[in-house]
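Visitor: Structure incoming, see below.
The values are calculated or read from the model by the stated rules, or taken from the named source; none is laboratory data. Everything quoted here is computed from the prediction, not taken from an experiment. Cβ placement follows ideal geometry from the backbone for every residue including glycine, while neighbour counts extend to all protein chains displayed. To get the accessible areas, we keep the full protein, side chains included, count just its heavy atoms, and leave off ligands, DNA and RNA. Shrake-Rupley method; radii C 1.70, N 1.55, O 1.52, S 1.80 Å.
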Amino acid sequence: MTGPRTALRARRSPEQAEVCEGTRTDDTGRSRRRKRKRPVRRTGIRRFFTWRKVLAYAAALLVLSIGAFTVLYYAIDIPRANAQAKAQSNVYKFSDGTVLARTGEINRETVPISRVPKEVQRAFVAAENKSFYQDSGVYPMGVLRGMVNTVSGKGTQGGSTITQQYVKNYYLSQEQTVTRKIKELVISLKVDQRNSKDDILAGYLNTSYFGRVAYGIQAAARAYYGKEVGGLTVEEGAYLAALVQAPSQYDWAVASAKGKRMVRQRWNYVLNNMVDMGWLDRAERQRMHFPVPVAPKPAPGLGGQAGYLVDAARNELIASGVSEQELAAGGWTITLSIDRARQRALERSMARALEPSGAGRKPGADSKNTQGGAVSLDPRNGRVLALYGGRDYTRHYVNNATRGDYQAGPVFEPVTLAAALEEKRRAATAPDAPPAVRRTAEALGMDTEGEGFRSRESVRLGLMGASPLRMAGVYASFDRHGKRVTPSLVVSAERGDEKADLPEAVGGRAVDRTTADAVTSSLLEDDGATAARALRRPAAGKAGVSDDKKASWFIGYTPELVTSMALFGENAKTRKQIRLADTGTGRVFSLWRAYSEEVLRSTPASGFDTGAGSVVPPTPLPGLTGLPRREGGGGDGQDEKQGRPAAQ
């Protein structure tokens, strides 16, 4: 037996022999081999990731990180204050390069912390950084989250402390880069060590931007409440503390219904935090009422339409990701798509209804209590060519072209028709009206947060708020065969080598092409036919007066131009909505016609390509009662009769 075993052992590899190495003696005295388990041999990348090695890597990374941070801590010193106090002007230009306006004067007055009421100081701490008096100036997880968001392009939110915000405002730029965030972290730690909490809070309050071109708490107190900072109440301080998060969105004078709801919620959040922290008596808190700010005073140099154009451009840039602080710091050259000739034509047309001396004013019409807004754009690229926001920005701060607090009324009916056609195409069943209409309206770019989308009746009557700008985008989407058109005013925005990243005005599909073309076909009849006869070219359109008689609309389009016009009833003294003196649509249609005739005079007429399969249903679809039936009335655009829509 020994021979074969010896031979077998000789045939084994060294590793196999090692496995069988060693013997043991059993109870019978016989000798037996003691086998040992063969070790598992890791191959490939697994060789580098045992748990011991992972721990070693983590420890090495920690040591390197601490070392790197230590080097950065001693290498980065607290710099001098940034150049924001020397802010340059922003230059706004027409599409041809002509200067429209210059803005950029800094409205700021630094005040010591002793002049800011203690309750107001606490309101800002409660709003922004409840651990301010205990922390070391930074919130590590917030910094990490901010860096991840910056690298991944998910936004700029990051959970900064008051110290970090002060450092960013006073020492650094507003750019969103990892390098800037690392500097912010290091400098914040040093500032917290060298400065008292009162000094840091004073710096934060004096450098924060509050909108209305107001830097610092003193300028904000004057801009929003017409008083010195020492006279602010707790309620007013809580509003200003809430405002810092989104000044343009939360400014009560221009905020949408959604913006007003959000700033009220944040105002309540601030006061409730003060109660939780023992800084405000609960019973006193219950008696507090929201302090509505005073009307703003527009900055000089923005009279006429300039202020409205700058306002619309600023809002568009902020929506695209440029921060309000960056814009307010100045140095930007912003080119708009506004065509000067069309802008002048739009202003002349609107003056017919709004100026007391306007030749087109009807006898006895109360033009003083009538506001007007209009937007004209190219549906092929979404560029706004002309915009009318009101008589004068310095006299009427609210932009009538972008405000969305008046009812759309009958001009919303094409959206309802589009929703019905979309639902029928998808499911071949009667749609559930409000949800279906809401989905389609949102796809077309409308704000669907309001009450107007809650019931069948409100949808049928068009009770939702809408602005001339948004409605121009909706009708342009129909004109563009269902591709979503988001009206765009800014062609470019540059500051040195920095360029704003602007979204495309014409995006993905909002509704199916057959749906959009069917809507256009329906709008070629009735009001569209009247428009076509007036212009002597194919035109689609819709006229209407809102259910509450406070808004009169006409939106018309050709393949080359979409123009949305509205007249609004507003008390000249109280600024409250009132019923229009003239509740017909003839007046607003005459304005649209005068403008369109002038600007399209040199443009060759072209027809609509609505496709062979685009047919408007002869009767309203089930579930959407009240949809008007379209019968006859088509025009070929060559009739010389100068008609206009009848009053509705």
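Visitor: Can you pull out the residues in the stretch 493-509 that are surrounded by 14 or more Cβ atoms within 10 Å (Cβ to Cβ), of a type in the set (G, A, S) and either modelled with pLDDT of 95 or more or within 27 Å of D609 (Cβ to Cβ) (or both)?
Guide: Within the stretch 493-509, A493, A505, G507 qualify.
Visitor: Hey, another quick one. Can you work out which of the residues in the stretch 589-615 that are modelled with pLDDT of 95 or more and among the aliphatic types (A, V, I, L, M) is surrounded by the most Cβ atoms within 10 Å (Cβ to Cβ)?
Guide: L591
Visitor: Using the structure shown, decide if R513 is of a type in the set (D, E, K, R), modelled with pLDDT of 95 or more and surrounded by 19 or more Cβ atoms within 10 Å (Cβ to Cβ). Outline the logic, then answer.
Guide: On the way: of a type in the set (D, E, K, R): yes; modelled with pLDDT of 95 or more: yes; surrounded by 19 or more Cβ atoms within 10 Å (Cβ to Cβ): no.
It is false that R513 is of a type in the set (D, E, K, R), modelled with pLDDT of 95 or more and surrounded by 19 or more Cβ atoms within 10 Å (Cβ to Cβ).
Visitor: Among the candidates L302, L309, single out the residue that is at pLDDT 95 or above and farther than 22 Å from N129 by Cα. Please lay out each step first, then the result.
Guide: Numbers: L302 fails: at pLDDT 95 or above.
It is L309.
Visitor: Follow-up question, since we're still on this one. Looking for something open to solvent by less than 40 Å² (accessible area, probe 1.4 Å), within 15 Å of A241 (Cβ to Cβ) and at pLDDT 80 or above - is there at least one such residue anywhere in the stretch 167-182?
Guide: No, that holds for no residue.
Visitor: So I200 clears everything in (1) surrounded by 21 or more Cβ atoms within 10 Å (Cβ to Cβ); (2) within 28 Å of H289 (Cβ to Cβ) except one condition, right? Which one?
Guide: Among (1) surrounded by 21 or more Cβ atoms within 10 Å (Cβ to Cβ); (2) within 28 Å of H289 (Cβ to Cβ), the lone unmet condition for I200 is (2).
Visitor: Another question, if that's okay. What helices (runs of 4 or more DSSP H) lie completely within the stretch 383-468 and have 3 or more residues being surrounded by 23 or more Cβ atoms within 10 Å (Cβ to Cβ) and not polar (S, T, N, Q)? Lay out the reasoning, then the answer.
Guide: Numbers: elements: 413-427, 433-443, 456-461.
Fully inside the stretch 383-468 and qualifying: 413-427, 433-443.
Visitor: In addition: Given (1) more than 26 Å from G373 (Cα to Cα); (2) of a type in the set (D, E, K, R); (3) surrounded by 14 or more Cβ atoms within 10 Å (Cβ to Cβ), identify the lone condition not met by D281.
Guide: Among (1) more than 26 Å from G373 (Cα to Cα); (2) of a type in the set (D, E, K, R); (3) surrounded by 14 or more Cβ atoms within 10 Å (Cβ to Cβ), D281 violates only (3).
Visitor: For the stretch 569-577, does any single residue satisfy the condition of being open to solvent by less than 10 Å² (accessible area, probe 1.4 Å) and either touching a Ser or Thr at 6+ places or on another chain (Cβ under 9 Å) or under 17 Å from G373 (Cβ atoms) (or both)?
Guide: Going through the stretch 569-577, the residues open to solvent by less than 10 Å² (accessible area, probe 1.4 Å) turn out to be 569-570.
The next check asks that each one be either touching a Ser or Thr at 6+ places or on another chain (Cβ under 9 Å) or under 17 Å from G373 (Cβ atoms) (or both); those that pass are 569-570.
Checked the stretch 569-577: at least one residue is open to solvent by less than 10 Å² (accessible area, probe 1.4 Å) and either touching a Ser or Thr at 6+ places or on another chain (Cβ under 9 Å) or under 17 Å from G373 (Cβ atoms) (or both).
Visitor: For the stretch 285-312, how many residues meet the condition of being in a helix (DSSP H, G or I) and open to solvent by less than 50 Å² (accessible area, probe 1.4 Å)? Walk me through it before giving the result.
Guide: Start the filter on the stretch 285-312 by keeping residues that are in a helix (DSSP H, G or I), which leaves 285-286, 306-312.
Now narrow it down to the ones that are open to solvent by less than 50 Å² (accessible area, probe 1.4 Å): 285, 306-312.
Total meeting the criteria: 8.
Visitor: Among the numbered criteria (1) over 23 Å from A319 (Cα atoms); (2) open to solvent by 10 Å² or more (accessible area, probe 1.4 Å), which single criterion is violated by V244?
Guide: With respect to (1) over 23 Å from A319 (Cα atoms); (2) open to solvent by 10 Å² or more (accessible area, probe 1.4 Å), V244 is out only on (1).
Visitor: Counting only residues that are in contact with a helix residue (DSSP H, G or I) (Cβ under 8 Å, 6 or more places away or on another chain), give me the strands (runs of 3 or more DSSP E) lying completely in the stretch 475-562 with at least 1 of them.
Guide: Working: elements: 483-485, 490-495, 506-509, 540-545, 551-557.
Output list reads 483-485, 490-495, 540-545, 551-557.
Visitor: Within the stretch 94-111, how many residues are open to solvent by less than 70 Å² (accessible area, probe 1.4 Å), part of a loop (DSSP other than H, G, I, E, B) and modelled with pLDDT of 85 or more?
Guide: 5
Visitor: With respect to G216, determine if the residue is under 18 Å from E326 (Cα atoms), modelled with pLDDT under 60 and crowded, with 17+ Cβ neighbours inside 10 Å.
Guide: Numbers: under 18 Å from E326 (Cα atoms): yes; modelled with pLDDT under 60: no; crowded, with 17+ Cβ neighbours inside 10 Å: yes.
When the stated conditions are applied, G216 does not pass them.
Visitor: Against the condition open to solvent by 50 Å² or more (accessible area, probe 1.4 Å), within 21 Å of E184 (Cα to Cα) and modelled with pLDDT under 90, how does T70 come out, does it pass?
Guide: Values: open to solvent by 50 Å² or more (accessible area, probe 1.4 Å): yes; within 21 Å of E184 (Cα to Cα): yes; modelled with pLDDT under 90: yes.
Here the answer is yes, as T70 does meet what is asked.
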